[in-house]
Amino acid sequence: MLLLSTYSLKWYGIHRILEIAKKSNYDWLDLYMDLKEFDLWDIDYLKDIKEKSKINIFSISTPNKWLNKTKVDKIFEIAKVLWVQLVTFSPPHVTDKNKTWFTKYLQEVKNNFNFNIAVQNIENKYIFFIIPEYRSMPFDEIKKITWYTSLEIANIDNSSSIDIIKASKMLWSSMKNVFFSDKKWDEEWLLPWKEAWWISNLPLESFLMNLKANAYNWFITLKVNPENLWVWDEEEISKNLEKIKNYYKKYYLDFK
């Protein structure tokens, strides 16, 4: 199932994002809970615009820093009201003062809801070259929090021994979402198709075909930087989103 992350249109408000998604024939969304977008934290408002747009919000992905138990509980409340199937968290950021929401609380409540709680892989970034920006969580470790996981392709280190196909195999039985994008050198969250001039660092077509061949049947979520969708031009947004659907259809849906 192909979802569109609202992160990909995050420079718009949520009401406008739903309008654009609907016009582009994307009826399934992952809701990115941007802390700066206050509308996203208004439960009644979210419920109302979801019902009016008739778009299904199947997944929620959370901010990658500045979370605490209060915000986590609010996200769970939103997830219940919107009837999502999955909520994905990142390991805590070094600036998070209290990390028990991740180390203890998620484990305590993981079976309390009608949706799954997943943890995604994070990128190995360092502050001053020595301090890990996020809690170190190898692939075999992120399953230990709630068992369920999401794979963020943009966070795969191309210089490591783990590529995106190997990463998916390591997470396989636990994987509920794949945040799908391309990357090249120091550029991330790029649109995942090949133009004549484009050289990707990732075997994306093989990756999708491998998912299909192994009967992966959970979410694949398009998550790119807004400028790569040309968000200042609605016609270009629709064209790019249509290209993504055709790409997904060719290498995943139609692959046999």
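Data table
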{"quantity": "Yes/no for K80 being modelled with pLDDT under 95, out of contact with any helix residue (DSSP H, G or I) (no Cβ under 7 Å at 6 or more places or on another chain), farther than 18 Å from W218 by Cα and assigned to a helix (DSSP H, G or I)", "calculated": "no"}
{"quantity": "Among the candidates L46, L40, residue that is part of a helix (DSSP H, G or I) and within 18 Å of the chain's Cα centre (by Cα)", "calculated": "L40"}
{"quantity": "Residue within the range 84-93 that is in a loop (DSSP other than H, G, I, E, B), closer than 20 Å to M175 by Cα and modelled with pLDDT of 95 or more present", "calculated": "yes"}
{"quantity": "Condition broken by K144, with the remaining ones in (1) under 30 Å from P203 (Cβ atoms); (2) modelled with pLDDT under 90; (3) among the basic types (K, R) satisfied", "calculated": "(2)"}
{"quantity": "Conditions (1) in a helix (DSSP H, G or I); (2) under 21 Å from I237 (Cα atoms); (3) without any contact (Cβ under 8 Å) to a residue 60 or more places away in the chain: number failed by I20", "calculated": "(3)"}
{"quantity": "In the range 206-256, the residues that are exposed (fewer than 14 other Cβ atoms within 10 Å of the Cβ) and under 17 Å from D30 (Cα atoms)", "calculated": "N217"}
{"quantity": "Residues that are over 17 Å from N214 (Cβ atoms) and either modelled with pLDDT of 95 or more or in contact with a Ser or Thr (Cβ under 6 Å, 6 or more places away or on another chain) (or both), drawn from the range 153-179", "calculated": "A154, F179"}
{"quantity": "Residue match in the range 55-66 (condition: over 22 Å from E152 (Cβ atoms) and part of a helix (DSSP H, G or I))", "calculated": "no"}
{"quantity": "Residues located in the range 1-17, provided they are in a helix (DSSP H, G or I) and under 21 Å from K249 (Cβ atoms)", "calculated": "S8"}
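The values are calculated or read from the model by the stated rules, or taken from the named source; none is laboratory data. Note that the coordinates shown come from a computational prediction; the quantities given were computed from them, not determined experimentally. Glycine also receives a Cβ, built like all others from the backbone with ideal geometry; neighbour counts cover every protein chain displayed.
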